[in-house]
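Just below is one structure, and these are the notes that go with it.
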Amino acid sequence: MKLLQWTQPTSGQRRHAIGIAGVLLSSLLTNMGMHSSAWAQSAAYPTKSITMIVPFPPGGLADIVARPVAEAMTRELGQPVIIENKGGAGGGIGMGVAARSKPDGYTVLLALSSLTVIPEADALLGRSPMFLLNELRPIARYTADPTVLAVRADAPWKTVKEFVEDARKRPGAINYGSSGNYGTMHVPMEILAQTAGIKMTHIPFTGAAPAVVAMLGGQIDAVSTGPATVLQHVKAGKIRVLGHWGNGPLASMPDVSSLKDLGFNAEYAQWSGLFIPSGTPEPIAQRLRAAAKMAAQDVKVRDIIQNTGSPVVYLDSLEFEKYVQADAKRMTDVVKKIGKVE
């Protein structure tokens, strides 16, 4: 058997080995420095104001929830949480901006349930996606209300049955407003139309508040929206609610029947929740999660949202993530049934 013999390395070999060791050590120190810097930044977070994108105009459910939540998170985080309304495309424009923002904890998103619909609609229409669902991380759900079918108080329909019968007699004559194609006001009306076998004309706006204003002004006949958006007008005698897309009575409108109880298999919930860009460092994500939870538990926040007709129905990050995934799966089928809407 031949024994291996150790030979003295040449000076060139020694210089080469030392060079490699130096590069490895430099890389190690650099990585340690980067991790140390990232950790330090996370530990110091936040050091400046945070932008909360609301992808709808002021006055709708997202805005109604966002403002007291932002105020409570400001107190908890010690830095201002500033609302930025970015409406359009059923919320897709603002959601896309949030999804593409730097994942450093200084941009968060207060979204509605259209978040799970828009990527499916983009795929159906064959257009470039405004955002992908996996680009946003769920942090906290605040509300989950069935939408309500609302008309002006002087409208000719006193019941859902009268509304549906008229729509059957005059296909396309009744028009309704929404926050945009495939948004949280468009989808439930299409679900009702499919279930009842009726045809209505869809007129999109930039958000719930402009659509409600248009209905009050007589430009459109009806809307499907969250109770919080119309409750003040109901109390003022300007709007009548015919039914809702939930199960059982509504806390804010206990006398209003569900569409299912009235014989229409139509169900839809408009939820609101906080999201952050995926890839946000975990220490920062957990800091925001804690602040979001504190906001949900804040008595002032709960009272403000409750008084608008949408009680807080909080879900923490992990439970909310499962909820969003399940909702996205259900909405895939709904969008396919609605089909292409340009």
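Kindly provide the set of residues from region 85-104 that are touching a helix residue (DSSP H, G or I) at 6+ places or on another chain (Cβ under 8 Å) and surrounded by fewer than 22 Cβ atoms within 10 Å (Cβ to Cβ), ordered by number. Listed by number, the residues that qualify are N85, K86, G88, R100, D104.
Residue-by-condition table, conditions (1) surrounded by fewer than 21 Cβ atoms within 10 Å (Cβ to Cβ); (2) in contact (Cβ under 8 Å) with a residue 40 or more places away in the chain; (3) hydroxyl-bearing (S, T, Y):
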residue: W157; (1), (2), (3): yes, yes, no
residue: T201; (1), (2), (3): yes, no, yes
residue: A214; (1), (2), (3): yes, no, no
residue: G237; (1), (2), (3): yes, yes, no
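Based on this model, can you work out whether I82 counts as crowded, with 23+ Cβ neighbours inside 10 Å and over 30 Å from Y176 (Cβ atoms)? In short, no. Taken over region 216-271, the residue count meeting the criterion of being of a type in the set (K, R), in the same structural domain as P204 (by TED's automatic domain parsing) and assigned to a loop (DSSP other than H, G, I, E, B) is 1. The set of residues from region 260-316 being on the phi > 0 side of the Ramachandran plot and buried (at least 18 other Cβ atoms within 10 Å of the Cβ) comprises just one member, G309. Scan region 273-322 for residues that are of a type in the set (S, T, N, Q) and under 19 Å from G105 (Cα atoms) and the total you get is 4. Checking every residue in region 129-143 against the condition of being among the hydrophobic types (A, V, I, L, M, F, W, C) and free of Cβ contacts under 8 Å to residues at least 12 places away in the same chain gives zero matches. Reported count of residues in region 217-238, each being within 20 Å of A173 (Cα to Cα) and over 26 Å from the mean Cα position of the chain (by Cα), is 4. Would you check if there is a residue in region 72-79 being under 29 Å from W245 (Cα atoms) and either among the polar types (S, T, N, Q) or not in a loop (DSSP other than H, G, I, E, B) (or both)? No, because not a single residue in region 72-79 is under 29 Å from W245 (Cα atoms) and either among the polar types (S, T, N, Q) or not in a loop (DSSP other than H, G, I, E, B) (or both). Residues of region 169-182 include at least one that is hydrophobic (A, V, I, L, M, F, W, C) and over 16 Å from A266 (Cα atoms). When the residues of region 159-186 are filtered to those that are closer than 20 Å to Q219 by Cβ and in contact with a Pro (Cβ under 8 Å, 6 or more places away or on another chain), which remaining residue is surrounded by the most Cβ atoms within 10 Å (Cβ to Cβ)? Restricting to residues being closer than 20 Å to Q219 by Cβ and in contact with a Pro (Cβ under 8 Å, 6 or more places away or on another chain), the top hit is S179.
The values are calculated or read from the model by the stated rules, or taken from the named source; none is laboratory data. Not measured: the values here are computed from a predicted model. Using ideal geometry, Cβ is built from the backbone for each residue, glycine included, and neighbour counts are taken over all protein chains shown.
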